[in-house]
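Following: one structure in structure tokens, then a few remarks.
The values are calculated or read from the model by the stated rules, or taken from the named source; none is laboratory data. Bear in mind the structure is a predicted one, so any value in this text is a computation, not a measurement. Don't worry about glycine lacking a Cβ; one is built from the backbone with ideal geometry, like all the others, and counts go over all protein chains shown.
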Amino acid sequence: MPRRVVLALVADIHCRAEIIEDLREGLMPVNDEADILVMCGDLCNMGRVEEAKALADVLRGVRIPMVAVLGNHDYHSGYVNEVVAILEGVGVHLLQGTGHTINIDGTTVGFAGAKGFCGGYGTYCLTPFGEQGIKCFINETHDDANNLDACLQTLDTDYRVVLLHYAPIKETLFGEPPELYPFLGSSILAEPVDKHGCDLVVHGHAHNGVEEGETAGGILVKNVAMPVIKRSYVLHELDASARARKGRQ
Ligand SMILES: [Fe+2]
Ligand SMILES: [Fe+2]
């Protein structure tokens with residue numbers, strides 16, 4: 001039986017000079033409390049090199065494995081390659097439509113991650129119809145959903161976790177203006193999750209949303225945007241024995 005694995009989850013750190021010391025203090029217990037630190041995008045506030053360097057300096061103190069996806073803010077200033085290199089330099093494994101496996105004492109945790117994109121939900125999802133601009137827009141979302149599909153197909157691990165920045169369900173958006181929902185994510189991103197199954201989906205981006213929801217297929221989705229969780233991270237336990245008990249119910 002795989003061991004229990006504790007994840008520390010956070011998104012939307014929006015790193016900038018004025019929060020560095022609070023962030024450093026807030027992340028301090030993570031080495032003792034969790035096995036893996038998971039960060040779901042908007043790591044930097046405006047995607048600036050100095051913000052990435054400041055975050056990297058804080059993350060140098062993290063001794064557990066770190067895995068992350070980027071958010072829209074990380075792209076804003078046009079330095080995404082530099083941001084990625086700086087964070088990878090301190091050991092963050094950045095998922096960009098890719099998978100990664102972390103081994104904790106012989107128990108494997110597979111991560112499939114992508115930023116994701118917009119498009120809306122269910123019946124009202126945007127479709128690639130009409131003008132080229134619309135097709136380009138929604139194909140960004142389909143590209144990341146296809147990447148997740150390919151990753152999940154090959155991840156053969158004890159636990160599987162999907163990381164996104166944009167929201168794959170609308171239930172974690174409650175509290176956001178409904179007019180904004182199509183720009184906060186898309187149910188297209190939930191399709192590979194329900195097709196292949198996983199233990200947990202984590203996202204951010206919806207600062208005014210709520211912390212928990214589930215996909216149509218019943219998979220737990222957590223919105224861990226910092227303004228939602230109101231602390232530096234929340235803990236989530238992957239527990240195969242609890243999963244087996246649930247399966248027998
Ligand atoms: Fe954000
Ligand atoms: Fe965002």
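List of remarks:
- Check on Ala34, within 16 Å of ligand 1 (Cβ to nearest atom), closer than 19 Å to Val234 by Cα, among the small types (Gly, Ala, Ser) and crowded, with 18+ Cβ neighbours inside 10 Å: no
- Residue within the stretch 53-74 that is within 15 Å of the chain's Cα centre (by Cα) and β-branched (Val, Ile, Thr) present: yes
- The stretch 106-120 residues that are under 15 Å from Leu180 (Cβ atoms) and of a type in the set (Gly, Ala, Ser), paired with ones that are part of a strand (DSSP E or B) and at pLDDT 95 or above (beta carbon under 7 Å, 6 or more apart): Gly119/Ser186; Gly120/Ser186
- Here Leu94 meets each of (1) touching a helix residue (DSSP H, G or I) at 6+ places or on another chain (Cβ under 9 Å); (2) touching a residue at least 60 places away in the same chain (Cβ under 8 Å) with one exception, condition (2).
- Output for the stretch 178-209, where each listed residue is within 15 Å of ligand 2 (Cβ to nearest atom) and free of Cβ contacts under 8 Å to residues at least 40 places away in the same chain: Leu180, Ala206, Asn208
- Selected residue (criterion: surrounded by the fewest Cβ atoms within 10 Å (Cβ to Cβ)) from residues of the stretch 202-233 that are within 14 Å of ligand 1 (Cβ to nearest atom) and assigned to a loop (DSSP other than H, G, I, E, B): Asn208
- Residue that is farthest from ligand 2 (Cβ to nearest atom) [pool: residues in the stretch 117-173 that are in a loop (DSSP other than H, G, I, E, B) and on the phi > 0 side of the Ramachandran plot]: Gly130
- Within the stretch 80-99, tally of residues that are surrounded by 18 or more Cβ atoms within 10 Å (Cβ to Cβ) and either part of a strand (DSSP E or B) or on the phi > 0 side of the Ramachandran plot (or both): 4
- Failed item, numbered, when Ser232 is tested on (1) within 16 Å of ligand 2 (Cβ to nearest atom); (2) touching a helix residue (DSSP H, G or I) at 6+ places or on another chain (Cβ under 7 Å): (1)
- Filtered by the rule that a residue be within 16 Å of ligand 2 (Cβ to nearest atom) and surrounded by fewer than 19 Cβ atoms within 10 Å (Cβ to Cβ), the stretch 62-79 gives Asn72, Tyr75, His76, Ser77.
- For Pro168: the one exception among (1) in contact with a helix residue (DSSP H, G or I) (Cβ under 7 Å, 6 or more places away or on another chain); (2) under 19 Å from His196 (Cα atoms); (3) surrounded by fewer than 14 Cβ atoms within 10 Å (Cβ to Cβ): (3)
- Top-ranked residue in the stretch 54-79 [being assigned to a loop (DSSP other than H, G, I, E, B) and aliphatic (A, V, I, L, M); ranked as nearest to ligand 1 (Cβ to nearest atom)]: Leu70
- Odd one out for Gly110, checked against (1) assigned to a strand (DSSP E or B); (2) surrounded by fewer than 20 Cβ atoms within 10 Å (Cβ to Cβ): (2)
- Members of the stretch 1-31 that are assigned to a loop (DSSP other than H, G, I, E, B) and within 16 Å of ligand 1 (Cβ to nearest atom): Asp12, Ile13, His14, Arg16
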